[in-house]
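A.B. asks: Supplied in structure tokens, the structure appears directly below.
The values are calculated or read from the model by the stated rules, or taken from the named source; none is laboratory data. This structure is a prediction, so every number in the text was calculated from the model and none was measured. FYI the Cβ positions are ideal-geometry reconstructions off the backbone, even for glycines, and counts take in every protein chain you see. Heavy atoms of the whole protein, side chains included, go into the accessibility calculation; ligands, DNA and RNA do not. Shrake-Rupley method; radii C 1.70, N 1.55, O 1.52, S 1.80 Å.
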Amino acid sequence: QVQLVESGGGLVQAGGSLRLSCAVSGSTYSSKAVGWFRQAPGKEREFVSRMYWTGDSTYYAESVKGRFTISRDNLKNTLYLQMDSLKPEDTAVYYCAVGEVSRSTTTWRYWGQGTQVIVNS
């Protein structure tokens with residue numbers, strides 16, 4: 001069983017930055033997708049960014065491309081989301097997740113508890 005614990009959320013002014021962390025435990029995570037999602041009040045959960053525990057390819061939602069950076073520290077088993085140039089519309093609960101990839105399809109199986117990000121205008 002994989003466990004994910006997010007941290008680093010908080011209150012920030014528009015234009016500011018935050019770095020979210022996701023501590024991953026349970027085993028090795030090779031060949032797995034790791035990513036970030038967010039859910040704003042009254043909205044559906046949406047994809048933010050994805051990468052793999054091995055390899056360097058990354059993918060971002062258009063809404064955050066150029067502002068957010070996903071990364072990882074394999075030695076620490078930690079996933080990060082660096083968020084720069086934050087906008088009020090980035091306000092949401094952010095979740096990290098681990099999934100399995102079959103060809104181009106990802107099935108997200110494990111989720112963290114979420115960390116709140118609030119961006120004031």
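A.B. asks: Which of (1) open to solvent by 70 Å² or more (accessible area, probe 1.4 Å); (2) under 25 Å from Gln1 (Cβ atoms); (3) touching a residue at least 40 places away in the same chain (Cβ under 8 Å) is the odd one out, the single condition Leu75 does not satisfy?
C.D. replies: All conditions are met except number (3).
A.B. asks: Of all residues being out of contact with any Cys (no Cβ under 9 Å at 6 or more places or on another chain), touching a residue at least 12 places away in the same chain (Cβ under 8 Å) and not β-branched (Val, Ile, Thr) in segment 95-106, which is most open to solvent (accessible area, probe 1.4 Å)? Just the residue, please.
C.D. replies: Glu100
A.B. asks: For Arg19, state whether it is out of contact with any helix residue (DSSP H, G or I) (no Cβ under 7 Å at 6 or more places or on another chain) and surrounded by 20 or more Cβ atoms within 10 Å (Cβ to Cβ).
C.D. replies: Working: out of contact with any helix residue (DSSP H, G or I) (no Cβ under 7 Å at 6 or more places or on another chain): yes; surrounded by 20 or more Cβ atoms within 10 Å (Cβ to Cβ): no.
When the stated conditions are applied, Arg19 does not pass them.
A.B. asks: Can you spot a residue in segment 83-93 that is of a type outside the set (Gly, Ala, Ser) and farther than 20 Å from Gln13 by Cβ?
C.D. replies: Just the residues of segment 83-93 that are of a type outside the set (Gly, Ala, Ser), to begin with: 83-84, 86-91, 93.
With the extra rule that they be farther than 20 Å from Gln13 by Cβ, the set shrinks to none.
Within segment 83-93, none of the residues are of a type outside the set (Gly, Ala, Ser) and farther than 20 Å from Gln13 by Cβ.
A.B. asks: Pick from segment 22-58 the residues that are on the phi < 0 side of the Ramachandran plot, more than 16 Å from the chain's Cα centre (by Cα) and at pLDDT 90 or above: which of them is least open to solvent (accessible area, probe 1.4 Å)?
C.D. replies: Filtering segment 22-58 for residues that are on the phi < 0 side of the Ramachandran plot, more than 16 Å from the chain's Cα centre (by Cα) and at pLDDT 90 or above, the one least open to solvent (accessible area, probe 1.4 Å) comes out as Pro41.
A.B. asks: Let me ask something additional. Has segment 11-20 got any residue that is assigned to a loop (DSSP other than H, G, I, E, B), more than 19 Å from Leu86 (Cβ to Cβ), in contact (Cβ under 8 Å) with a residue 24 or more places away in the chain and touching a strand residue (DSSP E or B) at 6+ places or on another chain (Cβ under 9 Å)? So that I can check it myself, show each step before the final result.
C.D. replies: In the first step, residues of segment 11-20 are kept if they are assigned to a loop (DSSP other than H, G, I, E, B); the result is 14-17.
Checking the rest, the ones that are also more than 19 Å from Leu86 (Cβ to Cβ) come to none.
No - not one qualifying residue is present in segment 11-20.
A.B. asks: Among what's in segment 107-121 and is open to solvent by 30 Å² or more (accessible area, probe 1.4 Å), part of a strand (DSSP E or B) and out of contact with any Gly (no Cβ under 6 Å at 6 or more places or on another chain), pick the residue that is farthest from Pro41 (Cα to Cα). Talk me through it step by step, then tell me what you get.
C.D. replies: Residues of segment 107-121 open to solvent by 30 Å² or more (accessible area, probe 1.4 Å): 107-111, 113, 116, 118, 120-121.
So of that shortlist, the ones also part of a strand (DSSP E or B) come out as 107-111, 116, 118, 120.
Okay, now just the ones that are also out of contact with any Gly (no Cβ under 6 Å at 6 or more places or on another chain), so 110-111, 118, 120.
On the way: Tyr110: 22, Trp111: 18, Ile118: 11, Asn120: 15 Å.
Here the answer is Tyr110.
A.B. asks: State whether one or more residues within segment 1-15 are open to solvent by less than 60 Å² (accessible area, probe 1.4 Å), of a type outside the set (A, V, I, L, M) and either at pLDDT below 95 or touching a helix residue (DSSP H, G or I) at 6+ places or on another chain (Cβ under 6 Å) (or both).
C.D. replies: No - not one qualifying residue is present in segment 1-15.
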